[in-house]
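Trainee: Structure below; questions to follow.
The values are calculated or read from the model by the stated rules, or taken from the named source; none is laboratory data. These numbers come from a predicted model, not from an experiment. Cβ placement follows ideal geometry from the backbone for every residue including glycine, while neighbour counts extend to all protein chains displayed.
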């Protein structure tokens, strides 16, 4: 979609919003798949209510993009504009054991920054790609760690009320790869409370997690992380592997040879290729094991 409404275009500079025309989502997602549209880079959180009101008033559809690491986007010209937060300075502010972090901050750099100040607990998240905001929405976790355990409050834009709110931990539900945030809520910032640990101890935990990832995940290929959530009491990757589906492909969309729950773009995969691969693998797992696998990857395909 190309923005053409004069009133919106005239208001963007006043709101501190930069328009990037014809932005490719294939260049902004870890899968390397997706069409093009106008992208609005938001430099001031306070501009969101006015910006959303303008877009809605003009009937302009929009979606919000975080780090793009857990996302499969349709091909061709996209029917909505993309909103994205610019990184704030400073991205992280520490007060004792509390870390105040902007949602656009890189998750891995956040873990490392806190570690250097003797704040641990999030070692398992060091290799999880994407932004802090994306991690909050999905309650990202790995190796026994999930970010929701450390959340004390979240600042967010509530699209339903067109306002910015702050939620405390008792107002948020964090479950396995699921939170109580509304689908159109936009994460702005989070306050984390982290346990004190010596930097050397945290660093050792980070090294162990990194070694596990390097030995089991296709880190040098385009992927969106795990495609499916693990069903209760089961492992999606194990079931796909036991079916002999490592290496199974549709076009250039391929089940990773290294980790069966990672589907990679082995060249020039289309969204249709990846959707077909997901559907075929899901059907095979259901037919054999009786589990209906649920997507962990987010689909922007309608």
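Trainee: For segment 141-182, enumerate the residues that are assigned to a loop (DSSP other than H, G, I, E, B) and within 20 Å of residue 226 (Cα to Cα).
Mentor: The answer is 143, 144, 176, 177.
Trainee: Quick check on residue 251: is it touching a helix residue (DSSP H, G or I) at 6+ places or on another chain (Cβ under 6 Å) and at positive phi? Working first, answer last.
Mentor: Numbers: touching a helix residue (DSSP H, G or I) at 6+ places or on another chain (Cβ under 6 Å): yes; at positive phi: yes.
In short, yes.
Trainee: Regarding residue 24, is this residue outside the structural domain of residue 135 (by TED's automatic domain parsing) and over 21 Å from residue 133 (Cβ atoms)?
Mentor: It is true that residue 24 is outside the structural domain of residue 135 (by TED's automatic domain parsing) and over 21 Å from residue 133 (Cβ atoms).
Trainee: From the residues in segment 95-108 that are surrounded by fewer than 22 Cβ atoms within 10 Å (Cβ to Cβ) and over 15 Å from the mean Cα position of the chain (by Cα), which one is farthest from residue 67 (Cα to Cα)?
Mentor: 96
Trainee: Across segment 221-248, what is the number of residues that are outside any loop (DSSP other than H, G, I, E, B) and surrounded by 17 or more Cβ atoms within 10 Å (Cβ to Cβ)?
Mentor: Of the residues in segment 221-248, 10 are outside any loop (DSSP other than H, G, I, E, B) and surrounded by 17 or more Cβ atoms within 10 Å (Cβ to Cβ).
Trainee: Something else now. Just checking, how many residues over segment 25-49 are surrounded by 15 or more Cβ atoms within 10 Å (Cβ to Cβ) and either over 22 Å from the mean Cα position of the chain (by Cα) or in a strand (DSSP E or B) (or both)?
Mentor: 9
Trainee: Tally up the residues in segment 183-207 that are closer than 30 Å to residue 55 by Cα and assigned to a loop (DSSP other than H, G, I, E, B), please.
Mentor: Of the residues in that region, 3 qualify.
Trainee: Would you check if residue 189 is crowded, with 20+ Cβ neighbours inside 10 Å and without any contact (Cβ under 8 Å) to a residue 40 or more places away in the chain?
Mentor: no
Trainee: Is it the case that some residue within segment 61-77 is surrounded by fewer than 17 Cβ atoms within 10 Å (Cβ to Cβ) and free of Cβ contacts under 8 Å to residues at least 24 places away in the same chain?
Mentor: Within segment 61-77, none of the residues are surrounded by fewer than 17 Cβ atoms within 10 Å (Cβ to Cβ) and free of Cβ contacts under 8 Å to residues at least 24 places away in the same chain.
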